[in-house]
Amino acid sequence: MPSRGARPEDGCGLVPTDNSTQHKEDLSSKIKEQKIVVDELSNLKKNRKVYRQQQNSDIFFLADRTEMLSESKNILDELRKEYQEIENSEKTKIKK
């Protein structure tokens, strides 16, 4: 699934934020996207076909639904873990 990068025009008219806040917001949107992917894959009927997009290309390949679901769940877990680490580091900065 292609991920959306931050574009300068997205922040038009907003107060500039520091890198950690921007990274946290990016992670939050990626987590939302990944939740949707996991939800869609888990609600597919067993006989449905799933295709994976070749990175940096418009070519799609047939993929195994269960493999894609488990991979998507792993990615979601990693994103949540990274987000939690940022949250914890911000809390420790505030305490100091």
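Values as computed for the structure displayed
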{"read-out": "The stretch 65-79 residues that are closer than 10 Å to residue 50 by Cα and part of a helix (DSSP H, G or I), paired with ones that are open to solvent by less than 80 Å² (accessible area, probe 1.4 Å) and β-branched (Val, Ile, Thr) (beta carbon under 6 Å, 6 or more apart)", "value": "65/50; 68/50"}
{"read-out": "Any chance residue 82 is in a helix (DSSP H, G or I), touching a residue at least 24 places away in the same chain (Cβ under 8 Å) and over 17 Å from the mean Cα position of the chain (by Cα)", "value": "no"}
{"read-out": "Count - residues of the stretch 7-42 that are over 21 Å from residue 84 (Cα atoms) and at pLDDT below 50", "value": "10"}
{"read-out": "Count of residues meeting criterion [under 17 Å from the mean Cα position of the chain (by Cα) and either closer than 13 Å to residue 40 by Cα or open to solvent by 80 Å² or more (accessible area, probe 1.4 Å) (or both)] in the stretch 60-74", "value": "6"}
{"read-out": "Check on residue 88, exposed (fewer than 15 other Cβ atoms within 10 Å of the Cβ) and more than 30 Å from residue 21 (Cβ to Cβ)", "value": "no"}
{"read-out": "Output for the stretch 36-59, where each listed residue is of a type in the set (Gly, Ala, Ser) and surrounded by 10 or more Cβ atoms within 10 Å (Cβ to Cβ)", "value": "42"}
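The values are calculated or read from the model by the stated rules, or taken from the named source; none is laboratory data. In this text, all values refer to a predicted model and were calculated from it rather than measured experimentally. Glycine also receives a Cβ, built like all others from the backbone with ideal geometry; neighbour counts cover every protein chain displayed. Surface accessibility is based on the protein's heavy atoms, side chains included, excluding ligands, DNA and RNA. Shrake-Rupley method; radii C 1.70, N 1.55, O 1.52, S 1.80 Å.
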